[in-house]
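Only one structure is covered here, and it is reproduced in the block below.
Read-outs throughout are calculated quantities, based only on the coordinates presented, and are distinct from any laboratory measurement. Owing to the predicted nature of the structure, the values given are computational and were not obtained by experimental measurement. Note that we place each Cβ from the backbone using ideal geometry, even for glycine, and neighbour counts take in every protein chain shown.
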Amino acid sequence: MTAVLQLALNLQEPMGHGVGALQAAAASLLERFRGALVTPLGVASAGRTGLILAAYVPLALGLGRSSGFLLAPWRWPPLGVLLRGSLPLLLMPALGEELLFRVALLPHPAGAAEPWRFWAWGALNVGLFVLYHPLAARLWDRRQPQVFHDPRFLLQCALLGTACLLAYAASGSLWPPVLIHWLAVTAWLGPLEGHRCLAGSNPWL
């Protein structure tokens, strides 16, 4: 009987460690979401976000035009049409992808004990963000898979991921990277005519 009890205790010990690890991971994830959602966006954070946008926009547009990825001429829909078409993009990809890549997969900037760890994870995070798009094209988003494998498109993904990472690091808030992501996708699919690259994806109709 003693041997049986000891065997049961030995089996329970690794199970207890596994449950404890899952609880710790869940607690860490909840803390990341809490920090990203409730961190106030002050004047300084808003200013840094504006500076990141000011650097990102001309760089992305310049590389997009010089590489031939961004179509010309650019056409601006009426403002009401633009806003109506952009609202679904706020939820996905902007909010959904930022919750995954910037919040769930990164330590919160305010809680990072060693900044180099945050930036190391951030570099890996941008790489995963880029790889996610061709993977999505293969698995579930098959509107026009060629564009998701285009190196020029993947370069734009890397620039956007970097801008969103910097905005998250500078503010500790989810909302600056969501704003940048939303504006970038809205501009690409709308005025920059990116919807032509995706079959059946004109949000302005």
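General remarks:
- Over region 77-167, the ratio between the Cα radius of gyration and 2.2 N^0.38 Å evaluates to 1.24.
- Of the residues Val103, Leu160, Val147, the one whose Cα sits farthest toward the positive end of the charge dipole of region 49-197, with +1 on the Cβ of Lys and Arg and -1 on the Cβ of Asp and Glu, is Val147.
- For region 49-197, the Cβ-based charge dipole about the Cα centre amounts to some 340 debye (Lys, Arg positive; Asp, Glu negative; other atoms uncharged).
- For region 26-129: Kirkwood Rh in Å [reciprocal of mean 1/r, alpha carbons]: 16.6 Å
- Loop-located chymotrypsin sites (Phe, Trp or Tyr not before Pro) across region 101-132 with a Cβ neighbour count of 10 or fewer within 10 Å are lacking, with loop assigned by DSSP.
- Proximal charge balance of Gly190 [Cβ under 15 Å; K/R count +1, D/E count -1]: +2
- In plain terms, the chain from Trp119 to Trp74 could stretch by 12.6 nm, reckoned as 0.36 nm per residue minus the Cα-Cα distance.
- Net charge, Trp74 excluded, C-beta distance under 11 Å - Lys, Arg +1, Asp, Glu -1: +1
- Note on Val81, Val185, Val43, Val19: ascending count of other Cβ atoms within 10 Å places them as Val43, Val19, Val81, Val185, the fewest first.
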